[in-house]
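Remarks on the structure that follows.
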Amino acid sequence: MNGSAALVDNANASQSRRVFWDQDVYQLELERIFSRCWLMLGHDSLVPKPGDFITTYMAEDRVILSRQPDGSLKAFINSCTHRGNQICHADSGSAKAFVCNYHGWVFGQDGSLVDVPMEERCYHSDLDKSKLGLAPIRVETYKGFIFGCHDPEAPSLEDYLGDFCWYLDTIWDGPDGGLELLGPPLKSTLACNWKVPTENFVGDGYHVGWTHAAALQMIGGELAGLSGNRADMPFDDLGLQFTMRHGHGFGLIDNAATAIHVKRDGYVKYLEETRGGIREKFGPERERLYVGHWNTSIFPNCSFLYGTNTFKIWHPRGPHEIEVWTYTMVPKNADTETKRSIQREAIRSFGTAGTLESDDGENMSSATYNNNGIITRKGRMNSSMGKDREGPHPVYPGIVGVSFIGETSYRGFYRFWQEMLDAPDWAAIRANDDTWDAMWTNRNFWPERLSAKQAEPQD
Amino acid sequence: MTETRKPVGMELHHAIVSHYSAEVRMLQNQQYREWFDTVIAEDIHYWMPVYEQRFARDRRPDPTPGDAAIYNDDYAELQQRVDRLLTGQVWMEDPPSRIRYFVTNVEAFEIAPFEFEVFSNVLVHRNRRQSEVYVHTLGREDKLRKTDSGFKVFSRKLNIDARVVQDKNLYFFV
């Protein structure tokens, strides 16, 4: 498709409204993003034993993720190779085999075709079962989180996460075993483009005080001052924003990990007891991350809030609808009571009836559907906040923005989104590895800011 | 389900159905505080569990209050939800949405002196932002206590008839 430069204007930090509306943009996303990127499938904790499986989606493709007898994982397309029916309709379970409802073809835990009813009498030795296994999907894990990818040319998962691993290790590896996911996922439909929640989670600290004014007022705690944007806060010193080579990014609010949780004694205690281990293992820069709150998206369609610990996959359903799946992230080695309490609070705030989530859904629908007007759709959207107050940082990888309220990671997300749409293949993307961050021209922002800070008299 | 218990008599049944009608009228009129103060007991457990779609042969137990649940509220938590709606800062409810409830199939059983287990079906129709319409059906399992100030619910379990909720949120009371 020509003209994707018009969809995203990096220099002026704006996007065409067509990115939320047009069917042809969506088709290109399915082909060039969802068919080529690593997509979140789940976590080891959801399929702990051989034979365990879950069914999920990669964009609109139905997928089975299955734990093998040797402990490894396989994923394959959940569609019979005979006449195309969906083979497994359960959300999860344990199965020795998957049997299609239509004609009874039997597929093994590894997706291979192992039995065909009345094979000799009907096919007379003419059926090559070895060629009729379920279409396999690349599966790799990082710190227990399981991803799938359709593109054999895509980099390894670790390279795809890239610089983001440095950050993720802080919480996914953690002091002693990191995080796991608690299901089953809550599921709901939301009439919005998949990128609206993704961009919101990747970098929108700005909406928190206004959109969630009522909830923050009710919850109280560290973020109550943000409610209604009433407090006069020095935003530049309250957090940071980050964006990576492959569009992943997050915003950090310092010392606010558990701010959204009302009942949080167990989790606060856990973090206090383990932060020393983080300092030892990863240094003070990442201890800062460990006790902060993250709003995060992993490109393209997985988001989480570390601290609040809600974990989302936004499965696209055409350009104007998504299916929202909500898990909870919990520390693997916390006690059961603490895990349950984290799950309760995470769902209470960001589940299907969440005190904050319900505010967001309304905005996301509105930001999508307003663009059905032809004149409206000719307009553009602005993401310029903090545009020159960001750059490479001597400590933190990627591009770092000065405040958690800013749009650094929006810009990074759409930069990579456009790169993926334009690139014919992963070789073309790799060719940009050394120049991807050239659009951030204020290269001396952080060195100058940090040395100016050092020159300030200390209190 | 084979039910060997006897339902309550006509007069009590009528009182419970009338109580539900009054409850619904308050919710339809956005009288959330009145609703909360009138019908909710201080030992309430307000619960909407998540039922996975599982094979019939699957032996895993049904969800407990320790598992993922869309609602899993005690008295203070439910009160916070009411408080939020009354802050005047819930933009999604301004202008307010319309909601209508239909409560049917009411079956009530006495489980202790002045305590009743009540099953009902609830249909909820929401209209928001001009033309958005959402319809939900739920099975409701209540435990009611008859007090001097009327019936109070101290346990409410809501089974929503959807694995994938067909709505942008379920932030309304049933």
For segment A:176-243, listing trypsin sites (Lys or Arg not before Pro) in a DSSP loop whose Cβ sees at most 12 other Cβ atoms within 10 Å gives A:Arg230
Unpaired by the 4.7 Å Cβ criterion, cysteines found in chain A: A:Cys37, A:Cys88, A:Cys122, A:Cys149, A:Cys165, A:Cys192, A:Cys302
Choose one of A:Ile278, A:Ala259, A:Trp417: the residue whose Cα lies farthest towards the positive end of the charge dipole of the protein assembly as shown (beta-carbon charges +1 Lys, Arg; -1 Asp, Glu; about the Cα centre). A:Trp417
Stretched out fully, how many nm does the piece from A:Ser35 to A:Leu132 gain, at 0.36 nm a residue minus the Cα gap? 32.8 nm
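How large is the helix-only mean residue ellipticity at 222 nm for chain A, computed as the sum of -39500 (n - 2.57) over DSSP H runs with n ≥ 4, divided by its residue count, in deg cm²/dmol to the nearest 500?
Values: 16 runs with 134 residues, N = 459.
The helix-only estimate for chain A comes to -8000 deg cm²/dmol at 222 nm.
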Contour minus Cα-Cα span, A:Asp265 to A:Glu321, at 0.36 nm per residue, comes to 16.4 nm
Segment B:1-73: GluC sites (Glu not before Pro) in DSSP coil with no more than 10 other Cβ atoms inside 10 Å: B:Glu3
Would you calculate the separation in nanometres between label points at B:Phe114 and B:Asn159, each defined as 7 Å from the Cα along the Cα-to-beta-carbon direction? 3.0 nm
Simple label model, 7 Å out from Cα along Cβ direction - A:Asn442 to B:Ala15, nm: 7.0 nm
Which of the lysines could be linked to B:Lys168 by a straight reach, that is with a Cα gap under 18 Å, when you skip same-chain ones fewer than 8 residues away? A:Lys187, A:Lys195, A:Lys312
Per the 1/(1 + (r/R0)^6) rule, R0 = 41 Å and r from the Cβ atoms of B:Asp148 and B:Thr64, FRET efficiency to 0.05 is 0.80
DSSP H segments from chain B that extend 18 Å or more along their own axis, Cα-based, with Kyte-Doolittle mean of -1.0 or above: B:10-28
Reciprocal of mean inverse Cα separation for chain A (Kirkwood radius, Å): 23.2 Å
Computed ³J(HN,Hα) along segment B:52-63: with the Karplus parameters 6.51/-1.76/1.60, θ = phi - 60°, integer Hz and x for glycine or proline, the list is 5, 8, 10, 4, 4, 7, 5, 9, 5, x, 5, x
Mind listing the phi-derived Karplus ³J(HN,Hα) values for segment A:334-345, rounded to whole Hz, using 6.51, -1.76 and 1.60 with θ = phi - 60°, and x for any glycine or proline? 6, 6, 4, 4, 5, 4, 5, 5, 4, 5, 4, 5
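With +1 on the Cβ of every Lys and Arg and -1 on the Cβ of every Asp and Glu, and nothing else charged, how large is the dipole of segment A:353-459 about its Cα centre, in debye rounded to the nearest 20? Display every interim value, and only then the final one.
On the way: 11 positive and 16 negative charges, 83 e Å.
So the dipole magnitude of segment A:353-459 works out to roughly 400 debye.
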What whole number of Å gives the distance from the Cα centroid of segment A:439-459 to the Cα centroid of segment A:403-419? 21 Å
Taking r as the C-beta separation of A:Arg449 and A:Ala11 and R0 as 25 Å, the FRET efficiency to the nearest 0.05 is 0.65
Euclidean distance of C-alpha centroids, segment A:105-125 and segment A:348-382, integer Å: 48 Å
On a C-alpha basis, how far is the centre of segment A:196-243 from the centre of segment A:267-320 in Å? Whole number, if you could? 16 Å
Could you tell me which of rounded, prolate or oblate describes segment A:162-435, using a ≥ b ≥ c as the square roots of the eigenvalues of the alpha-carbon gyration tensor, with rounded for a/c under 1.5 and, failing that, prolate when a/b is larger than b/c and oblate otherwise? rounded
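Between B:Gln28 and A:His124, what's the calculated FRET efficiency when r is the beta-carbon distance and R0 is 51 Å? Round to 0.05. Working shown, then result.
Working: r = 67 Å, r/R0 = 1.32.
Here the calculated transfer efficiency is 0.15.
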Might you report the magnitude of the Cβ-based charge dipole of chain B about its Cα centre, with Lys and Arg at +1 and Asp and Glu at -1, to the nearest 20 debye? 580 debye
Could you work out how far helix A:357-369 tilts from the main Cα principal axis of chain A, as a 0 to 90 degree angle to the nearest 10? 80 degrees
Could you work out how far helix A:408-422 tilts from the main Cα principal axis of chain A, as a 0 to 90 degree angle to the nearest 10? 40 degrees
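How about segment A:9-63: which GluC sites (Glu not before Pro) there are in a DSSP loop, with at most 13 other Cβ atoms within 10 Å of their Cβ?
Filter output for segment A:9-63: A:Glu60.
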Placed amide H near A:Cys80: partners under 5 Å, 5+ positions off or other chain: A:Asn85, A:Gln86, A:Ile87
Taking H as built 1.01 Å from N, whose amide H comes closer than 5 Å to the amide H of A:Leu132, not counting residues under 5 places away? A:Leu113
With a 10 Å cut-off between alpha carbons and a GNM built on chain B, which of B:Phe36, B:Phe55, B:Phe102 moves the most? B:Phe55
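Taken together, the values in this text are just the output of simple stated rules run on the coordinates, not laboratory data. Only a predicted model underlies this, so the values are computations on that prediction, with no experimental measurement involved. Note that we place each Cβ from the backbone using ideal geometry, even for glycine, and neighbour counts take in every protein chain shown.
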